Structures are given as structure tokens and as C-alpha cells.
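Student: Handing you this structure, nothing more for now.
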Amino acid sequence: MSLPVKIVIVGNGFGGIYALKKMHKLFCGNSNVKISLIGEKNYFLFTPLLHEVATGSINPENIIEPIRKILGCCLEKFYLGKAENINTTERTVTVGNEKLHYDYLILAPGAETNFYNISGAEEYSLPLKTLEDAIKIKNRCILQIENGSHIQDRLERQKKLAFVVVGGGATGVELAAELAEFVKETFARFYSKEVIDDISITLIQKDPELLPQFHKKIREKSLKVLHKKGIIVLLNEEVQKVSTKQIFLSNGKSIDTETVVWVAGIKPANMVFDREIEKASNGKLVINEYLQLENHKEIYALGDATLIRTKGENINLPALAQVTTKQANTVVQNIKRSMEEKSLKPFVYHSSGSLISLGNWMALGEVSNFVFGGRITWWVWRTVYLFKLISWEKKLQVAIDWTINIFLPRDISQF
């Protein structure tokens, strides 16, 4: 392989940025390695805290990190745009008018919200995947409560103040818990009791239990906490249709609401190749145990857009940041080993445990089947996520936001 070695990363979510972070440690100052990054935003978004932006706990700018500022020193080039085509024959990636040549390609495009072709879901509900999404949710909550406070007819006011979250995974449960505190507690300081009493929050889950990827005790405890917060939880219910004023369920009933937040699932971001690439039935790229495309060993892929197939067996890993960051480490190590003509190491996932926040002073966790919860777990959850932020500047800013929220109400400003 001729020098310098060109490595191109597609995607600036957890997979792409943690791969870049690892390469920064291994190759910084090495003129024989040239790294390029393609991303649709000029920043890394810390998605696990989006629900706190949507509910006024964290300032939006505090969960984004400009790429050129935090890791730009090890980038030869950064392209702001979408990878439009991957030519495996020429070993190029097209972005805009540019063609980037690669010796190694890392695909970490992430995932998109899956609306499952449900009528009206994409048009009339609010997803939570981007910073703009979080801001829209917060603005909608503020607008609905402000408008609802001027409605005299109680039935009409209840319709205006009905909030529905679709999806009982980690994002949906965390959002519902934070939303209850935001609209029922924070706004209680500024609006009359009759307005606050007419607010309702409903969480809809298609499975018989919440949090299917978590330990059973966490699933059961989370349900109890949500009920205690006054959240209506509908299990074994699927959404059939969403309109501007209602959401229709599989049991034939409907809920009057103007605010539906959709966090019911994801689908892999689409990647366009010059030839047919093996994909699973759900559209995920099929990769081997070394996280490579089987017929294109110079291409590595990771994260929510991939499915590992080894010895004829499909390995479905949870769509978690910890999975993606560990895969990023393996990918970079294998690229380095390939450059050194050493044998590659297979990726083996070992969970570091699970944590879920359920509002102020409450979180649940599990490590090696040991389940714990309460205020200490809440501090652990915050500490873990705080240190996953890239820069010390953002760590400090989020810590300040959280400290202020202990003593003062959440922010209710529109953006």
C-alpha cells in the first residue's frame, strides 16, 4: 500500500467521532496517515441528552461539540455534506462536487426515525433525533400550555394539553418522565392549578412491557415510577394513524391530542454503492466479525446501520452508544493491524451495564444482573454521561446546567 494511507470516515455521530478520537490517539502527528471526515453537521451531537434539551434541563448548545474545535487537528479534510455514492471499484466517496479516495473506509451513517409507514405519523408527529427536533418539542410544549391557559371550556383545554409519546424504549421512557416534571411541575409555578390539572401525558408501547432490552426488574420499576408521576402508560397498543387532532390505536380507540412525539423505532440510514452490497431484510449492512463488508475488506462499518454475521449466525446488538463506541475502537485497531500486516481481532461485545434516568433524583441501573436505583444511581447516571462528552468545556457547561436545575426551575424560553 502506497503512502500516505488515506482513511475516510462517513458520519459524525458516536461511531464516526469515536473512531476519529481513537485515531487521534494512534496517528496524531503521523504524516503517513491522512484522515478525512464527512458529516452532515459541523458538530458532534450528544444524543443521549436530547430529551433534557426538549424539557428545559440543558441549554441546546451545551450538547454539541464543533468538530474542527475538538478533533480538527488530526483531520486532513472535513467535508460538510452527505456521502452520496460509494464507488468500491475506484475506492472513492462522492460528497457534493468532491471525490474522496480512500485506502480504508469507515461507514458510521447512523439511523433515522422509523415511522413504519403509519398514516400521518411522519407528517403530524415530532421525532427526537436532532437538536432541531428537541427544540421543536420544547417550543410545542410551551405553545400548547400558553394557548391552553386561555381556553375556558375544560374539554377543549384538555385536548390542547394532552401530550402523547409513542415508543416505550429508553428514549420514550426518559422523555416521558422528564416531560412530566417539565409541564406539570415547572409550569405549575407560572400557570393556574386548573390549567396544570388538565395536562395529561400518555406513553404508548406496542410490546407487553416497557424497555424490552433492559432487566425485568428495571422494566417493572420504571412502570411504577411513571405511574407515580401521573403518566398514562398503554401497553400492547399500536398506533394505526396520526392526524393533527387525534391519534388512533389498534384497539379502535383514539386520543385527542395535538402533540405526538414519535420515538418508536429507527431504521438504518441509506448508503448508495456502485454495486450490490449485502444487506439484511431490514436494510442494515451485513458485516463480518471484524466489522468489515465481507467482499470489501477495506470497508468497515459500525453502529445502528449494521448487522454482524459470523459463521452463518446473525448477531443483533442493541442500538446503544456504548455498542457503537466499542465497535469504533475495534475498527480503528483493526485498521492499524491491517496497516502493520497483522491478523485482525474479532469484535466481541460485553455490556458495561445499563442506566436509565427517570427524572430528577431518580434513575435505575443494572450491571451483571445486579439491579439498583435511587438518588445515588441518578448521580452515577449523570456522572457517566458527563464524562462521555468530548471536551471539558461541555462537561463543565452541562454540570452547571444540572446544578442550577437542582435549585431553580427549568428554562421555559422558546428558541
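The values are calculated or read from the model by the stated rules, or taken from the named source; none is laboratory data. Note that the coordinates shown come from a computational prediction; the quantities given were computed from them, not determined experimentally. Positions of Cβ are backbone-derived with ideal geometry, glycine not excepted, and every protein chain shown enters the neighbour counts.
Student: Does any residue of segment 246-255 turn out to be out of contact with any Asp or Glu (no Cβ under 6 Å at 6 or more places or on another chain) and under 30 Å from A321 (Cα atoms)?
Tutor: no
Student: Among the residues that make up segment 208-218, is at least one of them hydrophobic (A, V, I, L, M, F, W, C) and touching a Cys at 6+ places or on another chain (Cβ under 9 Å)?
Tutor: No - not one qualifying residue is present in segment 208-218.
Student: A further question follows. So E276 ticks every box in (1) surrounded by 14 or more Cβ atoms within 10 Å (Cβ to Cβ); (2) outside the structural domain of E132 (by TED's automatic domain parsing); (3) not hydrophobic (A, V, I, L, M, F, W, C) but one. Which box is left unticked?
Tutor: (1)
Student: Only strands (runs of 3 or more DSSP E) wholly contained in segment 155-258 count here; list those with 2 or more residues that are out of contact with any Ser or Thr (no Cβ under 8 Å at 6 or more places or on another chain).
Tutor: On the way: elements: 162-166, 200-204, 232-234, 239-242, 246-249, 254-256.
In segment 155-258, 200-204, 254-256 are the strands (runs of 3 or more DSSP E) which contain 2 or more residues that are out of contact with any Ser or Thr (no Cβ under 8 Å at 6 or more places or on another chain).
Student: Okay, moving on. Scan segment 347-381 for residues that are without any contact (Cβ under 8 Å) to a residue 60 or more places away in the chain and part of a loop (DSSP other than H, G, I, E, B) and jot them down.
Tutor: F347, V348, Y349, H350, S351, S352, G353, W361, S368 - these are the residues of segment 347-381 that are without any contact (Cβ under 8 Å) to a residue 60 or more places away in the chain and part of a loop (DSSP other than H, G, I, E, B).
Student: When you scan segment 116-126, do you find a residue that is touching a Gly at 6+ places or on another chain (Cβ under 8 Å) and within 21 Å of L293 (Cβ to Cβ), even just one?
Tutor: Checking segment 116-126: not a single residue is touching a Gly at 6+ places or on another chain (Cβ under 8 Å) and within 21 Å of L293 (Cβ to Cβ).
Student: Determine which member of the set T325, T306 is in the same structural domain as G15 (by TED's automatic domain parsing), out of contact with any strand residue (DSSP E or B) (no Cβ under 9 Å at 6 or more places or on another chain) and closer than 25 Å to G265 by Cβ.
Tutor: T325
Student: Quick test for you: out of T47, T55, T113, T89, pick the one residue that is touching a helix residue (DSSP H, G or I) at 6+ places or on another chain (Cβ under 6 Å), hydroxyl-bearing (S, T, Y) and in contact (Cβ under 8 Å) with a residue 24 or more places away in the chain.
Tutor: Testing whether each residue is touching a helix residue (DSSP H, G or I) at 6+ places or on another chain (Cβ under 6 Å), hydroxyl-bearing (S, T, Y) and in contact (Cβ under 8 Å) with a residue 24 or more places away in the chain leaves just T55.
Student: Out of the residues in segment 9-40 meeting the condition of being part of a helix (DSSP H, G or I) and hydrophobic (A, V, I, L, M, F, W, C), tell me which one is farthest from V93 (Cα to Cα). Before you say what the answer is, go through the steps one by one.
Tutor: Step one: of segment 9-40, the residues part of a helix (DSSP H, G or I) are 14-27.
Still in the running and hydrophobic (A, V, I, L, M, F, W, C): 14, 17, 19-20, 23, 26-27.
Values: F14: 20, I17: 18, A19: 18, L20: 18, M23: 20, L26: 24, F27: 22 Å.
The residue in question is L26.
Student: List, please: which pairs have Cβ atoms under 7 Å, are six or more places apart or on different chains, and start with a residue in segment 241-266 that is closer than 22 Å to E146 by Cα and touching a residue at least 12 places away in the same chain (Cβ under 8 Å) and end with one that is crowded, with 16+ Cβ neighbours inside 10 Å and of a type in the set (D, E)?
Tutor: What qualifies is T244/E258; K245/E258.
Student: Identify the single condition in (1) under 20 Å from Y18 (Cβ atoms); (2) touching a Gly at 6+ places or on another chain (Cβ under 7 Å); (3) at pLDDT 95 or above that N329 does not satisfy, given that it satisfies every other one.
Tutor: If we test N329 against (1) under 20 Å from Y18 (Cβ atoms); (2) touching a Gly at 6+ places or on another chain (Cβ under 7 Å); (3) at pLDDT 95 or above, just (2) comes out false.
Student: Could you tell me whether segment 188-195 includes any residue that is buried (at least 20 other Cβ atoms within 10 Å of the Cβ) and either modelled with pLDDT of 95 or more or in contact with a Gly (Cβ under 6 Å, 6 or more places away or on another chain) (or both)?
Tutor: yes
Student: Do the conditions hold for F14, that is, is it more than 30 Å from I400 (Cβ to Cβ) and among the aromatic types (F, W, Y)?
Tutor: no
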